[in-house]
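The values are calculated or read from the model by the stated rules, or taken from the named source; none is laboratory data. Predicted, not measured: the structure shown is a model, and the values here were computed from it. Note: ideal-geometry Cβ built from the backbone for every residue, glycine included; neighbour counts use all protein chains shown.
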Amino acid sequence: MFSSPLVVCFALFLSLPVVYLFSSSILPSKAAAPVPSSPLILPSAAASDELDDLSLFRRAATPAGRPPKCNRLGLKKPRPKIAFLFLTNSDLTFAPLWERFFKGHDHLYNIYIHADPAMKSSNTNSSSRTSTASSGKRVRLTGSRKHSNHLLLSWPARSIWDSGYRSPGGVFDGRFIVSKRTERATPALIAAARRLLASALLDDPANFYFALVSQHCIPLHSFSFMYKTLFGNSLEAVQAYINPSKFPSFIEILSDEPNLYERYTARGEDVMLPEVPFEQFRVGSQFFMLTRRHSLLAIKDRKLWRKFRLPCLNKESCYPEEHYFPTLLSMADPKGCGHYTLTRVNWTGSFDGHPHLYGPDEISPDLVYQLRESDLGYSHFFARKFSPESLRPLMDMADDIIFGTEISSSGDSGI
């Protein structure tokens, strides 16, 4: 028989693996080095927004959301439409001016509004700004305003109505899309623009041009001038379905601006590589007019978005909304774009990255004529940035100056 000390030693030897296995849960361990979080991992709220957007983008990119093929003669085909995409974080102050702009052209346009749910209204007590949509109920968005179409709009958990915002009514009534928080100089503005594009693509297959504007934008021409400049006469407009590549997008694309390298490296020295080399990094106005094919390209993109959504280390040089679309389209189809914007902005005396704000004392016919002009020989369609107090003088000259006279025919517009 084995002696007792030998048995005890043998038992202790056999128990060593068990002791080692459970020691980590019994004894305190050294603090592990923190694992750096990946910049591609989004916070839970942002991840939820991203999943919502991806679902919307997939639906908008399916063949069901695309315009049906046109027959040889273009019969039984509606004329192409312009989708006006309003990206706003405050009241649509210039809604009365836009109402007059759209009047009489119901079959040629659609309106879509992305309103920041955190926005604050300056007109919460104005009865003129209430509407049937202000109840916060779900609103059916229809491309033709007569028939239910593709998109059912509902509000996120915190509706913009909770902040006191009221729909301006009229042509804007029921035109709000599901919206997320936005913030200047962040990827949230890119996401909002893509959300507007996808909603408009999905809603009406006849939407051909997609114009992104802000609440501070005003039209500089009549709707008729704008439409004829883009599409020509009725027979030429049919070409939008037969030969869409004939029609360019209008987006500012610049490659030689000061401080471009500082903006390129705002997320880190080599973070944008390999997808976006500095030689292909572009800048331009965040407001554009894209064709349907380029709008589809924007909502299908995943590669560049993974880079542009990353947080910036240098906040002073971070303006992703001015780089994403110009870079994407410059890389994908530079010859399919007019490398200029149709929105006039005055950067003289700009402050903190904001352009000049026109006040009521500056509004005059001469200002409208001046804002229309371009050094490149084309006419601007829109202008920004205007103070809310500018509405009255603008309305006073809307019929006679803004919508009543044109500086040239569509053939001389240079577009």
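Does residue 320 fit the bill of being surrounded by fewer than 16 Cβ atoms within 10 Å (Cβ to Cβ), in contact with a Cys (Cβ under 9 Å, 6 or more places away or on another chain) and within 23 Å of residue 182 (Cβ to Cβ)?
no
Look at residue 32 and say whether it is surrounded by fewer than 17 Cβ atoms within 10 Å (Cβ to Cβ), at pLDDT below 95, closer than 26 Å to residue 191 by Cα and of a type in the set (Gly, Ala, Ser).
no
Starting from residues that are in contact (Cβ under 8 Å) with a residue 24 or more places away in the chain and not in a loop (DSSP other than H, G, I, E, B), keep the ones in segment 259-280 and report whichever is nearest to residue 303 (Cα to Cα). Quick ask: steps written out before the conclusion?
In the first step, residues of segment 259-280 are kept if they are in contact (Cβ under 8 Å) with a residue 24 or more places away in the chain; the result is 259, 262-263, 265-268, 271-272, 275-276, 280.
Among the residues that remain, those that are also not in a loop (DSSP other than H, G, I, E, B) are: 262-263, 280.
Details: 262: 22, 263: 19, 280: 14 Å.
Ranking the qualifying residues of segment 259-280, first place goes to 280.
Restricting to segment 268-317, and then to whatever is among the hydroxyl-bearing types (Ser, Thr, Tyr) and at pLDDT 95 or above, can you tell me which residue is surrounded by the fewest Cβ atoms within 10 Å (Cβ to Cβ)?
Across segment 268-317, the extreme among qualifying residues is 285.
Exactly one of these conditions fails for residue 256: (1) touching a residue at least 24 places away in the same chain (Cβ under 8 Å); (2) surrounded by fewer than 18 Cβ atoms within 10 Å (Cβ to Cβ); (3) within 23 Å of residue 344 (Cβ to Cβ). Give me its number.
Unmet condition: (1).
Being aliphatic (A, V, I, L, M), in a loop (DSSP other than H, G, I, E, B), under 19 Å from the mean Cα position of the chain (by Cα) and at negative phi is the requirement here; does residue 310 meet it?
yes
For segment 338-372, what are the residues that are charged (D, E, K, R) and loosely packed, with under 13 Cβ neighbours inside 10 Å?
Of everything in segment 338-372, those that are charged (D, E, K, R) and loosely packed, with under 13 Cβ neighbours inside 10 Å turn out to be 352, 361, 366.
Suppose the filter is modelled with pLDDT under 95, surrounded by fewer than 16 Cβ atoms within 10 Å (Cβ to Cβ) and in contact with a Leu (Cβ under 7 Å, 6 or more places away or on another chain); does residue 72 pass it?
Criteria not met by residue 72.
Among (1) polar (S, T, N, Q); (2) buried (at least 16 other Cβ atoms within 10 Å of the Cβ); (3) free of Cβ contacts under 8 Å to residues at least 24 places away in the same chain, where does residue 243 come up short?
(2)
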